[in-house]
Amino acid sequence: MSKEPAAGERLVERKRRVLKGRKPNAQTQPKKRTPAFPRRGVHPQRSAAMAMAYKMATEGMNVKEECQRWFMEMKWKKVHRFVVYKIDERSRAVLVDKVGGPGEGYEELVAALPGDDCRYAVFDFDFVTVDNCQKSKIFFIAWSPAASRIRAKILYATSKQGLRRLLDGVHYEVQATDPSEMGFDVIRGRAQ
């Protein structure tokens, strides 16, 4: 008397026969491990610096309370025309770099941005509409010039959203690599 295998056993046996002639695919192959830092041909100090930049970027920057306070004064009290922010890599924080007084304009903001380092800036743009109404729009500017270090560009690009979330009330965002991309006519065109 022969014993018939159970339905589950038959299914397993059928799969085993079908898979027997096939090559193993990526799911059945074990993953190859890639070597950790330092890799061959990579300078150890540069590797450590890039690893630190990556760690700082992924963890996000600590945004100081003064950043939001200066922004709110600009937004509600109209005491300032612009605020420029910078990232201090030692303290791993976003700090206020420069604050523009009420008499300063867009030219002073452009002059406050360095030509060889990245910055964030917020600018309160006052204008008159076609209907002769006085309006105000706040611009967030991510300044990343071509002459700046790659590490700084990566750090500023990855930390932008952390600061942006705290600055509630920004109407427009401009990303610029040279002054022509954030000219006064570009700002005026975006606002109207």
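The values are calculated or read from the model by the stated rules, or taken from the named source; none is laboratory data. In this text, all values refer to a predicted model and were calculated from it rather than measured experimentally. Here Cβ is always computed from backbone atoms with ideal geometry, including for glycine, and neighbour counts include all displayed protein chains. Just the protein is used for accessible areas: all its heavy atoms, side chains included, with ligands, DNA and RNA removed. Shrake-Rupley method; radii C 1.70, N 1.55, O 1.52, S 1.80 Å.
Miscellaneous remarks
- If the condition is being open to solvent by 50 Å² or more (accessible area, probe 1.4 Å) and assigned to a strand (DSSP E or B), then the range 73-87 contributes only 86.
- Residue pairs whose Cβ atoms lie under 8 Å apart, sitting 6 or more positions apart in sequence or on different chains, and linking a residue in the range 177-192 that is outside any loop (DSSP other than H, G, I, E, B) to a partner that is among the polar types (S, T, N, Q), are 181/175.
- Scanning the range 151-164 for residues that are of a type in the set (A, V, I, L, M) and open to solvent by 50 Å² or more (accessible area, probe 1.4 Å) yields 154, 157.
- Candidates 124, 131, filtered to the one that is crowded, with 17+ Cβ neighbours inside 10 Å and either assigned to a loop (DSSP other than H, G, I, E, B) or in contact with a His (Cβ under 8 Å, 6 or more places away or on another chain) (or both): 124
- Residues of the range 146-176 that are farther than 21 Å from residue 69 by Cα, among the charged types (D, E, K, R) and not in a helix (DSSP H, G or I): 149 alone.
- For residue 148, the criteria (1) out of contact with any strand residue (DSSP E or B) (no Cβ under 9 Å at 6 or more places or on another chain); (2) open to solvent by less than 30 Å² (accessible area, probe 1.4 Å); (3) more than 25 Å from residue 107 (Cβ to Cβ) hold in every case but one, which is (3).
- Cβ-Cβ under 7 Å pairs, at least 6 apart or on other chains, the range 106-133 side more than 15 Å from residue 96 (Cβ to Cβ) and in contact (Cβ under 8 Å) with a residue 40 or more places away in the chain, far side small (Gly, Ala, Ser) and open to solvent by less than 20 Å² (accessible area, probe 1.4 Å): 125/191; 127/191
- With respect to (1) touching a helix residue (DSSP H, G or I) at 6+ places or on another chain (Cβ under 7 Å); (2) open to solvent by 70 Å² or more (accessible area, probe 1.4 Å); (3) under 19 Å from residue 74 (Cα atoms), the lone exception for residue 138 is condition (2).
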